[in-house]
């Protein structure tokens, strides 16, 4: 879909204003972090997030059956590609959404055309990055969402694939967008794409560990069974076994693997020129909060609620202040990371899981660029 040259400028401003207004309603976190990016880049990343949120809304709706979800995902990808009009899609999906869908999600679906008009004004390279991400997410995410259960994932390889489908592919998209914004990064694109997948897994694993009990309320578990294979332990019976040594050892291993991925995230950030303060802040704030969350989980492995390991507002403010003071120095960032990660276990994801990650990423690249 190409930008319409005759469209009034005022409409463009209205579309962007809608994008800025709806973002806090579907993600408070991204509504806080996206605006720190350079203005043009922030507009593209905000739009990308809204596209991802639309894909999530389709998959998460409880009244849509799997065939309907797959159909809407296919149509949505076609819309993002510019091959189908968004208005009929929005009208039909809106009429089928569950009454449990949040008001802002309903609003976003109803205004799909507004979001797509913003997408259409981006450069070809930016649109390609967004299209690839949505295409892979809509193809890969449902595989995991539709067979989720309290029994968890099979092993670390499967966790790596899941993390790639919901987070790693987003990291790759952001890398492409960063390279468009800062052309000198193109010489490091390959290295950054690899690290971006690890970055995404580190953040997603942290969320999985933090949300163990919230997920259970939704009859879901994203923990890998292989890590908790000792003895009689079963993830389905986590209520009974969460205070056992088997669980503590397994949780400790996952914290260590997530820690290693966050170290890769820091290496990713160091690839970005020091003058790109906004992009560095965007990355480092996420890394810092994830490390502090891992520390709380590690210190209280028998927690039974996400609230027990939630980062306080004071810690968030301290993290923002400390990272802002060190953004211009890779050495200072490494020292700050080491201080924040003091006491955390460190464990490699293993060659098998790492290979699975790289394979998933390469398959995604092939799917996005036929």
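Every read-out reported here was derived from the displayed coordinates using simple, explicitly stated rules and does not represent laboratory data. Quantities reported herein were computed from a predicted structural model and do not represent experimental measurements. As a convention, Cβ positions derive from the backbone with ideal geometry for all residues, glycine included, and neighbour counts pool all protein chains shown.
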In whole angstrom, how far apart do the alpha carbon centroids of the stretch 17-52 and the stretch 126-205 sit? 18
Pairwise centroid distance, computed over Cα atoms, of the stretch 271-307 with the stretch 99-116, Å: 30
Relative contact order, percent, of the stretch 211-354 when contacts are C-alpha pairs under 8 Å separated by at least 6 residues? 31
By average C-beta atoms within 10 angstrom, highest first, the peptides 202-210, 125-133, 101-109: 202-210, 125-133, 101-109
How high is the relative contact order of the chain? Use alpha-carbon pairs under 8 Å, at least six apart in sequence, and give a whole percent. 18
What angle do you read, to the nearest 10 degrees and between 0 and 90, between the alpha-carbon axis of helix 169-181 and the longest principal axis of the chain? 60
Evaluate the relative contact order of the stretch 1-123 (contact order divided by residue number), counting alpha-carbon pairs under 8 angstrom at least 6 apart; express in whole percent. 36
P(r), alpha carbons of the chain - 10 Å bins starting at zero, rounded %: 5, 23, 33, 27, 10, 1, 0
What is the ratio of the Cα radius of gyration of the stretch 160-229 to 2.2 N^0.38 Å, where N is its residue count, to two decimals? 1.37
Determine by what factor the alpha-carbon radius of gyration of the stretch 205-310 differs from 2.2 N^0.38 Å, reporting the quotient. 1.22
Provide the convex hull volume over Cα atoms per residue for the stretch 1-123, in Å³. 100
Give the residues of the stretch 254-292 whose amide nitrogen is closer than 19 Å to a point set 7 Å from the Cα of residue 329 in the direction of its Cβ. 266-267, 269-278, 280-281, 284-285, 288
